[in-house]
């Protein structure tokens, strides 16, 4: 079904009845035999129509998405679509400054760090209400406890959320990201019997609330990057009573209880979602923007979304590769370059032949001309990458110093050494990509590269495409090798500005999100050492070696890093949209010139 933005029509206001008007009445008066006519004013009720002033239309951000929201649960979310919406619906412990990426207060107004770096004490504001929005009546009301008292966000709500993130039964990807940083969390996450976790293990998780306004987090080692993780959704406060009452359905419209700048008014899965401003939010937390309503329709692909932008039906849009040059010539003043630190790659299932051989993985990586791909397929929107972490991340190696990258002679030799000279005898493999023409262009380019440099016929690389959500499910670590694809397209954008978020949170072998099914080795030992090292210079050297061990000539090559995305976005001039490098987009800081928007819409 083609999702189209429904524009509100201007209906005629209902007339108002006014019951008062003046009319003349004639009375005869007899005075000394003389009849005189006297005019007297009296009141008589009649109906007059008065048109009332219609209420102003809310300032509305109209957008599209090529996928439904996988989850609105802060402890479960792992993708950019979910995280962007959660950023609007929930507040976090801290936040990122849009201009500097510094950590700034949000629920926590201040914090103290112990001298040994093992204890963080957060001081919280206590005036943020828990609210529920009724999609039928349109009312947003504050939640009440069993005694009839209004509920506000407390430190115990954070304790519940963090302990919940440590629960292995939740199946959260980001549980493994936060678990190493919180005392006792890994013990619970790795419990032998997830259905019968001893209460003493749960009680030992290193997070406590001595009072409503104080949250204390205990770390097992002095992680210098922990504070940069505190804006993460996984550590957010969540409403225990609502979750226990509704189970997995607690995130649906009408059930969900939130504490953020917006409320969920509508969520028609796979079709549309609508968010409205939370009228009960403390005014000083509203943000700098003026958006009052957000309507997002699900469409099949970027080309459909771009057509909506051309028709002034959405505020911004991605630009299809085939349209980019023409767009830049015609709409130069309505095009922005969005800062982006996302790196895209071809993932390899290391436990499934023929990619169980690192020489095959190295061959397929080195046979891909990244520079040509960026110029011809991406229309210059990117930088070639031959290792994982990009510039701007602490600990990332210089972009041109680590990794093999494109080397067709090396690729041919590696494939021959693996027993497939000129791709002879190479089995048929599957390559799973996102749905959409842009990804298909990417995959077909790779097919041609592998045919040209390795001798592998396109028939050997069977292409499949699925939605982003389906792809995540098909490549999950717990999917049997027989059902999993050999290769897939995927990308990673940073959650916090540290190399640990790349090699540690994506490639570490004990990560439940280990899609490549890596086997633990000495590289993983170094990953642990690097995250616990307090000397920044030593950490930088260790991460450089880790990247070399993964992507160098003798590297494991768990996936083939391809490019760092640089995105051009079509954006109408009436929208001001400062972008976030880390965490979700802060739509509460976006603004629209409504008069200009309405004019473009013909209103």
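Taking the stated definitions as given, is residue 169 surrounded by fewer than 20 Cβ atoms within 10 Å (Cβ to Cβ), assigned by TED's automatic domain parsing to the domain that holds residue 77, touching a helix residue (DSSP H, G or I) at 6+ places or on another chain (Cβ under 7 Å) and over 23 Å from residue 108 (Cβ atoms)?
Details: surrounded by fewer than 20 Cβ atoms within 10 Å (Cβ to Cβ): yes; assigned by TED's automatic domain parsing to the domain that holds residue 77: yes; touching a helix residue (DSSP H, G or I) at 6+ places or on another chain (Cβ under 7 Å): yes; over 23 Å from residue 108 (Cβ atoms): yes.
For residue 169, the condition - surrounded by fewer than 20 Cβ atoms within 10 Å (Cβ to Cβ), assigned by TED's automatic domain parsing to the domain that holds residue 77, touching a helix residue (DSSP H, G or I) at 6+ places or on another chain (Cβ under 7 Å) and over 23 Å from residue 108 (Cβ atoms) - is met.
Could we say that residue 297 is within 20 Å of the chain's Cα centre (by Cα), modelled with pLDDT of 95 or more and not assigned by TED's automatic domain parsing to the domain that holds residue 534 here? Steps first, please.
Numbers: within 20 Å of the chain's Cα centre (by Cα): yes; modelled with pLDDT of 95 or more: yes; not assigned by TED's automatic domain parsing to the domain that holds residue 534: yes.
Yes.
Quick one: which of 451, 409, 464, 470 is buried (at least 16 other Cβ atoms within 10 Å of the Cβ) and without any contact (Cβ under 8 Å) to a residue 40 or more places away in the chain? Don't jump to the end; show me each part of the working.
Values: 409 fails: buried (at least 16 other Cβ atoms within 10 Å of the Cβ); 464 fails: buried (at least 16 other Cβ atoms within 10 Å of the Cβ); 470 fails: buried (at least 16 other Cβ atoms within 10 Å of the Cβ).
On inspection, the qualifying residue turns out to be 451.
Taking the residues in the stretch 279-299 that are in a loop (DSSP other than H, G, I, E, B) and touching a helix residue (DSSP H, G or I) at 6+ places or on another chain (Cβ under 7 Å) as candidates, determine which candidate is farthest from residue 157 (Cα to Cα). If you could, list the steps in order and put the result at the bottom.
Start the filter on the stretch 279-299 by keeping residues that are in a loop (DSSP other than H, G, I, E, B), which leaves 279-282, 286-292, 299.
Filter once more, so that each one left must be touching a helix residue (DSSP H, G or I) at 6+ places or on another chain (Cβ under 7 Å): 286-289, 291, 299.
Numbers: 286: 21, 287: 23, 288: 27, 289: 28, 291: 28, 299: 36 Å.
The extreme case among them is 299.
On the basis of being farther than 25 Å from residue 385 by Cβ, out of contact with any helix residue (DSSP H, G or I) (no Cβ under 8 Å at 6 or more places or on another chain) and without any contact (Cβ under 8 Å) to a residue 40 or more places away in the chain, does residue 334 make the cut?
On the way: farther than 25 Å from residue 385 by Cβ: yes; out of contact with any helix residue (DSSP H, G or I) (no Cβ under 8 Å at 6 or more places or on another chain): yes; without any contact (Cβ under 8 Å) to a residue 40 or more places away in the chain: no.
No.
Going through the stretch 417-435 one residue at a time, which ones are within 28 Å of the chain's Cα centre (by Cα), crowded, with 20+ Cβ neighbours inside 10 Å and either assigned to a loop (DSSP other than H, G, I, E, B) or outside the structural domain of residue 464 (by TED's automatic domain parsing) (or both)?
Selection gives nothing.
Let me spell it out: the conditions are (1) in contact (Cβ under 8 Å) with a residue 12 or more places away in the chain; (2) over 27 Å from the mean Cα position of the chain (by Cα); (3) not in a loop (DSSP other than H, G, I, E, B), and residue 375 meets all of them except one. Which number is the exception?
(1)
Assuming residue 321 fulfils every condition listed in (1) out of contact with any strand residue (DSSP E or B) (no Cβ under 9 Å at 6 or more places or on another chain); (2) assigned by TED's automatic domain parsing to the domain that holds residue 387 apart from one, which condition is it?
So the condition that residue 321 fails would be (2).
Here are the criteria: (1) in contact with a strand residue (DSSP E or B) (Cβ under 6 Å, 6 or more places away or on another chain); (2) closer than 15 Å to residue 487 by Cβ. Tell me which single one residue 358 does not satisfy.
Of the numbered conditions (1) in contact with a strand residue (DSSP E or B) (Cβ under 6 Å, 6 or more places away or on another chain); (2) closer than 15 Å to residue 487 by Cβ, the odd one out for residue 358 is (1).
Residue 456 is checked against (1) touching a helix residue (DSSP H, G or I) at 6+ places or on another chain (Cβ under 6 Å); (2) assigned to a strand (DSSP E or B) and fails just one. What number does that condition carry?
If we test residue 456 against (1) touching a helix residue (DSSP H, G or I) at 6+ places or on another chain (Cβ under 6 Å); (2) assigned to a strand (DSSP E or B), just (2) comes out false.
Go through 215, 264, 276 for me and flag whichever is in a strand (DSSP E or B), under 18 Å from the mean Cα position of the chain (by Cα) and either closer than 23 Å to residue 124 by Cβ or touching a residue at least 12 places away in the same chain (Cβ under 8 Å) (or both). Write out each step before concluding.
Details: 215 fails: under 18 Å from the mean Cα position of the chain (by Cα); 276 fails: under 18 Å from the mean Cα position of the chain (by Cα).
Going through 215, 264, 276 in turn, just one is in a strand (DSSP E or B), under 18 Å from the mean Cα position of the chain (by Cα) and either closer than 23 Å to residue 124 by Cβ or touching a residue at least 12 places away in the same chain (Cβ under 8 Å) (or both): 264.
The values are calculated or read from the model by the stated rules, or taken from the named source; none is laboratory data. Everything numeric in this text was worked out from a predicted model, so none of it was measured. Positions of Cβ are generated from backbone atoms using ideal geometry, with glycine treated the same way; all protein chains shown enter the neighbour counts.
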